[in-house]
Every structure is written in C-alpha cells, then in structure tokens.
Amino acid sequence: MPTFRGDKGLWKKFRPEELADFDAFIRNPELVWEWYQYRRKLILDVKPNPGHFSLAELEKHYSQFTLITQNVDGLHQTAGSKNIVELHGNILRNRCIECNKIYTEMVLPEQNRVPRCRCGGLIRPDVVWFGEMLPAEAVERANRATKTCDLFFSVGTSAVVYPAAALPGMAKQQGAFVIEINLEPTPVSGIADVVIHEKSGVILPMILQKLGL
Ligand code: ZN
C-alpha cells in the first residue's frame, strides 16, 4: 500500500481531515465510508511482500517475538504473523461508535447507506483517526514488549509519528540492540546500532538466510 506519508500516498488527492477525522465522519459518514470501501478494495489486491513473510517466519523461531505495527492493512496477519500489536487499528475491521462492538465483516448496504449497529450507533472503520488516542491496550503491549526485548528492529518507518517513534529509543535505553531498516535516514538512525538503507523486503529475507532459517 502507498505509505501514509509517502509522496505518492493516496492522501495527496484528498484533504485528510475530510476523511480520517471523527467530526468529518459525523458530518458526512457516507463520504468516509465510500473512501474506506475504496481503500479496502485496493488492499484486497495487495499481497504480503517478502518482508512480511520473513517477519512471520522469524516469529516461529523465537519464543518471544512481538510485531508492533502502524500499518492498518492486515497484511502481517495474511503473511502469518501471530503476536501483532496494531497501534493504528485495522482497516478491515469496524466498530460501533456507541457501544464499541467490533464487526469483522461489513458490506455496505445498498444506496451507500452507512451501516448501523443493533444498538443504533453508526459503525465506523476501526482505525485511529486524526486527533484520536491510540488504543490504550495496544500502546501498553507495545511498551511492555519494547522494555523487555534484547533486539529491536525498526523496519520501514519514517519514525516521526509518536508514540511509535519513541519505541526504538526506549528499547535502546533499556539495553536492547537496535537495528534500523529503512530506505532513508530517520531520527532513529542516530541511536541505532546498525542502520541499513534498503527495502525491508530485500534485507529481511537476507537476514533469515544468514540465520539459516
Ligand atoms: Zn452499538
């Protein structure tokens, strides 16, 4: 998927605050739903890359492995990863804005009417929108894993969106070895023990190969 902040990101064509914002959703839920259904269709055509598969494979060989992601596309699950912390939610999932009931499957009713929960509440995509808090349980799990890890990979992230951007530093501070894999330098590059400027889909399979996995 085009990354959220990449130059060619889908968002370039739209004003994000018109689409990924709770007030915008309340103002025009049909528009927001249309946008998310469009993105979901795109995602269904995307397959996990060798990087996703490598992470899923790594997890099989280490007893404590946590994958913390800001991605909402669900591709890590598709690739087979199990212990996943989704900091920004999952675009393939929905949630009632009133009672928080989770809906894993959702087909837009005809005439593009916005689906409603049995309780009467509007149903929204279960992703974190602008100005919203990250799910507390996910943040807590991410922090716990970071504070207890021996090895921390920062992979394919610009490392500017907090609180995820703080995790590599947190890992380093408690004594973990930090490896950054990203095409360009980021704020993490300065503190990482190893910095590799290459695509994760190229490097991660090589690391597995070196490990004999
Ligand atoms: Zn409800």
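The values are calculated or read from the model by the stated rules, or taken from the named source; none is laboratory data. From a predicted model like this one, the values you see are computed outputs, not experimental measurements. We place every Cβ from the backbone using ideal geometry, glycine too, and count neighbours over all the protein chains shown.
Is there a residue being among the β-branched types (Val, Ile, Thr) and modelled with pLDDT under 85 anywhere in segment 3-25?
Within segment 3-25 (the criterion being among the β-branched types (Val, Ile, Thr) and modelled with pLDDT under 85), the answer is yes, since at least one residue qualifies.
Scan Asn182, Asn100 and give me the residue that is more than 16 Å from the ligand (Cβ to nearest atom) and among the polar types (S, T, N, Q).
Asn182
For Arg113, all conditions in the list (1) within 17 Å of Glu137 (Cα to Cα); (2) surrounded by fewer than 17 Cβ atoms within 10 Å (Cβ to Cβ); (3) in contact (Cβ under 8 Å) with a residue 40 or more places away in the chain hold save one; what is the number of the exception?
(1)
Going by the structure shown, is Arg39 closer than 25 Å to Pro135 by Cβ and modelled with pLDDT of 90 or more?
no
Out of (1) more than 16 Å from the ligand (Cβ to nearest atom); (2) surrounded by 15 or more Cβ atoms within 10 Å (Cβ to Cβ), the odd one out for Gly80 is which?
With respect to (1) more than 16 Å from the ligand (Cβ to nearest atom); (2) surrounded by 15 or more Cβ atoms within 10 Å (Cβ to Cβ), Gly80 is out only on (2).
Evaluate segment 127-149: report whether one residue or more is over 28 Å from Arg40 (Cβ atoms) and assigned to a strand (DSSP E or B).
For segment 127-149, residues over 28 Å from Arg40 (Cβ atoms) and assigned to a strand (DSSP E or B): absent.
Would you mind finding the one in Ala159, Ala138, Ala164 that is over 22 Å from Glu18 (Cα atoms), modelled with pLDDT of 95 or more and either surrounded by 19 or more Cβ atoms within 10 Å (Cβ to Cβ) or of a type outside the set (Ser, Thr, Tyr) (or both)?
Ala138
Being acidic (Asp, Glu) and within 16 Å of the ligand (Cβ to nearest atom) is the filter here, so list the residues in segment 118-159 that pass it.
The answer is Asp126, and nothing else.
Looking at (1) out of contact with any Phe, Trp or Tyr (no Cβ under 7 Å at 6 or more places or on another chain); (2) modelled with pLDDT of 90 or more; (3) farther than 24 Å from Arg116 by Cβ; (4) of a type in the set (A, V, I, L, M, F, W, C), which one does Ala79 not meet, given that it meets all the others?
Here Ala79 clears every test but (1).
Take Ala171 and tell me if it is in contact with a Phe, Trp or Tyr (Cβ under 8 Å, 6 or more places away or on another chain) and surrounded by 19 or more Cβ atoms within 10 Å (Cβ to Cβ).
It is true that Ala171 is in contact with a Phe, Trp or Tyr (Cβ under 8 Å, 6 or more places away or on another chain) and surrounded by 19 or more Cβ atoms within 10 Å (Cβ to Cβ).
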